[in-house]
Amino acid sequence: MYLSTDKKQLSETPKDCTFPEGDWHVLAGFWHPVAFSSEVEDKPIKAKLLDVDLVVYRTVDGVAVARDLCIHRGAALSLGWMDDDCKNIVCPFHGLHYNKDGVCTKVPSMPDQSKPIPKVLRLISYQAQERYGLIWACLKPEALRPLPEWNLLENGGDEWLTIEVPKGVWHASTSRHVENFNDLAHISWVHMKTFGNRKRPEIPNYTLKVDDNGMLMEMPYIEVERGYNDDLGEREREVMYSHKFTFPFATDLHVDYKQDDGGFQTSHFYDIGTPVSAKETAVFQITQTNIPGATKEDYIEYQIMTNEEDIPLVESQKPEEVPLNIAEELHIPADKFSVQYRQALVKLFNLGAPEMTR
């Protein structure tokens, strides 16, 4: 009911944090999407990242991300609104105004509005930037890695249709989601409503390159085309998968579809997992295609169907946490991506390090 009379600063790590403290501090140093740009217009919205409740709001000076907490009496700012000039978010409890940088600019109850506002009246604000139709947040003053470089999303031209897939929530760890999205062997077994081909389950010794920012792998596959040409029925099509992965949770899956005339058409499937908690992931997906006649409605329906094939299996995985000790799970040759991914998380970022005891 009460907190101690001992004065303590608000902890950087959230109360009831579901992550080991060391892992939390590492993951807090990356950029993570917390909202689609289209979600944040003239009202603040609530988000959650690494167990931290956030408010995301848009001012005339740009987007902002802060802890969803008015520093005055702890009310949720996501229940508030923007002022008439859209320069400040307004706390719904006592009307305190905060600008893009979290600085309090107005305390309505002060009888003399000419007096300076104490500098301690300031939100716990975080780094924020808007790119690729997403609002990204970093909970540390300096990011460990830059945002992914997805130039086509910014400079695609009229021949490319860009599609925002409704955000999903998976009750699974974000690394489990990442490994599933980049898992090649599961395609032939799981995706039988969409593009999987059980007659061709073999996975060749695909190429895989790893550097400090991410991973790149390529593999040919023969999909079964379903859904887009119902009049033609099911038929096989040759594709080339190119996975450009950016640490820790972002993938650009580039798919080239071979045409009857020998040419190619292309789709990009951008997938970013945001760790809401250690066992819950917000999934942000954007699709980009140059296939003639493609529609947003068809692509969204198809992507949701694809996700629905994956979700129950990924949510069923045990342990929920990805074992970073490679010896704790068995591996087959097709697991090259996940093995290298786990090793890189340890080598580059020291994730999964044993907790120090005092």
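Note: the stretch 168-266, Cα convex hull, 125 Å³ per residue. Strictly over 21 Å apart at the Cα level, which of Lys244/Lys336; Lys15/Lys318; Lys48/Lys336; Lys43/Lys167; Lys43/Lys106; Lys15/Lys48 would you flag in this model? Beyond 21 Å: Lys15/Lys318; Lys48/Lys336.
Using the alpha carbons alone, the radius of gyration of the chain stands to its Kirkwood radius in an Rg to Rh ratio of 1.02. In a DSSP loop and with at most 15 other Cβ atoms within 10 Å, the GluC sites (Glu not before Pro) in the stretch 129-166 are Glu142, Glu149, Glu159. Note on Tyr206: accessible area is roughly 10 Å² with a 1.4 Å probe, heavy atoms of protein only.
Would any residue of the stretch 189-208 have its amide N under 17 Å from a label point 7 Å out along Cα→Cβ of Met240? List them or say none. 204-208, by backbone N distance to the label point.
Relative to the longest principal axis of the Cα atoms of the chain, the long axis of helix 296-316 lies at roughly 90 degrees. Could you grab the Rg to Rh ratio for the stretch 262-346? Cα atoms only, Kirkwood for Rh. Rg divided by Rh gives 1.05. Across the stretch 129-269, Cα pairs under 8 Å and at least six residues apart give a relative contact order of 14 percent. Between Arg226, Arg73, Arg176, find the one with the highest GNM mean-square fluctuation for the chain; connect C-alpha pairs within less than 10 Å. The residue with the greatest mean-square fluctuation here is Arg73. Structural descriptor for the chain: relative contact order 16 percent, calculated from alpha carbon pairs under 8 angstrom and at least 6 residues apart. Helix 336-349 and the long axis of the chain differ in direction by around 30°, with both axes built from C-alpha atoms. At q = 0.17, 0.21, 0.23 Å⁻¹, what is the log10 ratio I(q)/I(0) for the stretch 43-141, with the Debye formula run over Cα points and no solvent? With one equal scatterer per Cα and no solvent, log10 I(q)/I(0) is -0.69, -1.04, -1.23.
Listed as lacking a disulfide-compatible partner in the chain: Cys17, Cys86, Cys104, Cys138, by the criterion of no other cysteine Cβ under 4.7 Å.
The values are calculated or read from the model by the stated rules, or taken from the named source; none is laboratory data. Note that this is a predicted model, so its numbers are computed, not measured. In this analysis, Cβ positions are derived from the backbone assuming ideal geometry, glycine residues included, and neighbour counts consider all displayed protein chains. Surface areas here come from the heavy atoms of the whole protein model, side chains and all, with no ligands, DNA or RNA. Shrake-Rupley method; radii C 1.70, N 1.55, O 1.52, S 1.80 Å.
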